[in-house]
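Quick notes on the structure that follows.
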Ligand code: S3P
């Protein structure tokens, strides 16, 4: 696809439901007693993977008007075939935590991108709890084979902040004897803690440590707010394109996810957050970003897990800011749907950006004039959407080799972009 639009972006939109919360609503609903009714669920391929997986385990997921209803099985059953998680790391890692305590054999796999992503980080703690797990290439990457066993609670210390790994261990902990606790070096997104609490599970949070004891969640109602990680593409475009003003209504503003807003403010964008309210345990608000002259900033340390998925589009925005933007402590970007540091670094450089790559980040000199470029999207939705934003700044065509990956998280990305920024005819 060739993108060739001209800004500014103007208007008010809603973006589809938060991907992290959507996965959890389906999966936790499948573990619960009684049904879970979900509104605002993300209808995208990653969440379809979780829906198919819980169906294999015996739960039923159906649509009733605006609601998606998850009806759990009395007890989950051993899957009768391999579970294909597609492109979705969250599906694979969270399911590993559930399957570790389920009697029987399970095999989790995914597409070529997911089969390159690390799984030792879930294998090690789940083995310590008593499950048997093996994976390809010396336990490095999927397929992941799990033989569920009776589990014992452990205290686990994560080397890297990761909500997926934290959640896998906590989910295993719901079936383990005794207490299970996870300590992170920095706080990652806390949707699991919030939703489990909303389902009646006593989750204890003490600083950076989260603990659970054996418990079965109770079905509940979940209302999923708009995904800040999807909104980020439009908010960053609005911040950097003169004359823009974009409002995203009903967007999730859970403080473990709003690093993006802090960085936009630090760069000088005008950000307003209105009508903040909490529904089903998750805060949301109407967020407006207006364009301003942007200055470079530093993004490092504890903020990284609060904006990890927004870093590719922030790298694009940094090309438009005056000065040297530095991103550090973001080595995790190399093990996402693609090596996002390499992918964005190479692609932005080809488009004319001045940047230096580090093992754990980059430095970008701005403002730079971006130009026409051909992009290999590498099965990575966020690379594709970030470069569609880069095109707006370039004002010249950007050619994306494959945009089908966008359907994993944000199938309505281009229609919403059209609504905010009509295509030149
Ligand atoms: C997610 C956690 C993050 C994030 C991913 C979704 C989640 O990954 O990058 O897109 O839903 O828990 P890590 O837990 O690997 O940091």
Original post:
Would you say residue 238 is out of contact with any helix residue (DSSP H, G or I) (no Cβ under 6 Å at 6 or more places or on another chain), in a helix (DSSP H, G or I), more than 16 Å from the ligand (Cβ to nearest atom) and under 17 Å from residue 393 (Cβ atoms)?
Top reply: yes
**OP:** Would you be able to say whether some residue in the range 66-80 is at negative phi and without any contact (Cβ under 8 Å) to a residue 24 or more places away in the chain?
**Re:** yes
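Scan the strands (runs of 3 or more DSSP E) fully inside the range 1-75 and keep the ones with 2 or more residues being more than 16 Å from the ligand (Cβ to nearest atom) and out of contact with any strand residue (DSSP E or B) (no Cβ under 9 Å at 6 or more places or on another chain).
Details: elements: 10-13, 36-39, 60-64, 67-71.
The strands (runs of 3 or more DSSP E) meeting that bar number zero.
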**OP:** Please tell me if residue 326 is modelled with pLDDT of 95 or more, touching a strand residue (DSSP E or B) at 6+ places or on another chain (Cβ under 8 Å) and away from the ligand (no atom under 16 Å from the Cβ).
**Re:** yes
Original post:
Out of the range 157-173, which residues are touching a strand residue (DSSP E or B) at 6+ places or on another chain (Cβ under 6 Å) and away from the ligand (no atom under 12 Å from the Cβ)?
Top reply: 157, 173
Original post:
Mind checking which residues of the range 377-395 are surrounded by fewer than 16 Cβ atoms within 10 Å (Cβ to Cβ) and modelled with pLDDT of 95 or more?
Top reply: none
**OP:** Kindly check whether there is at least one residue in the range 346-366 that is at pLDDT 95 or above and within 16 Å of the chain's Cα centre (by Cα).
**Re:** no
Original post:
Do we find a residue being under 20 Å from residue 252 (Cα atoms), touching a residue at least 60 places away in the same chain (Cβ under 8 Å) and surrounded by 21 or more Cβ atoms within 10 Å (Cβ to Cβ) anywhere in the range 43-50?
Top reply: yes
**OP:** Name every residue in the range 331-344 that is crowded, with 22+ Cβ neighbours inside 10 Å and either under 20 Å from residue 159 (Cβ atoms) or more than 14 Å from the ligand (Cβ to nearest atom) (or both), in order of residue number.
**Re:** 333, 340, 341, 343, 344
**OP:** Collect the residues in the range 376-425 that are more than 14 Å from residue 45 (Cα to Cα), under 20 Å from the mean Cα position of the chain (by Cα) and in a loop (DSSP other than H, G, I, E, B), keeping them in residue-number order.
**Re:** 377, 378
**OP:** Count, please, the residues in the range 109-143 that happen to be away from the ligand (no atom under 15 Å from the Cβ) and part of a strand (DSSP E or B).
**Re:** 6
**OP:** All but one of (1) within 17 Å of residue 323 (Cα to Cα); (2) free of Cβ contacts under 8 Å to residues at least 60 places away in the same chain hold for residue 374, so report the exception by its number.
**Re:** (1)
Original post:
Inside the range 248-263, can you point out the residues that are surrounded by 19 or more Cβ atoms within 10 Å (Cβ to Cβ) and either under 16 Å from residue 279 (Cβ atoms) or over 13 Å from the mean Cα position of the chain (by Cα) (or both)?
Top reply: 248, 250, 251, 252, 253, 254, 257, 259, 260, 261, 263
Original post:
Restricting attention to the range 287-320, which residues are buried (at least 19 other Cβ atoms within 10 Å of the Cβ) and part of a strand (DSSP E or B)?
Top reply: 287, 289, 299
**OP:** Taking only the range 186-200 into account, find how many residues are more than 21 Å from residue 91 (Cα to Cα) and either away from the ligand (no atom under 16 Å from the Cβ) or touching a strand residue (DSSP E or B) at 6+ places or on another chain (Cβ under 7 Å) (or both).
**Re:** 1
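The values are calculated or read from the model by the stated rules, or taken from the named source; none is laboratory data. Because the structure is predicted, anything quoted here is derived from the model rather than measured. Note that each Cβ is placed from the backbone with ideal geometry, even for glycine, and that neighbours are counted across all protein chains shown.
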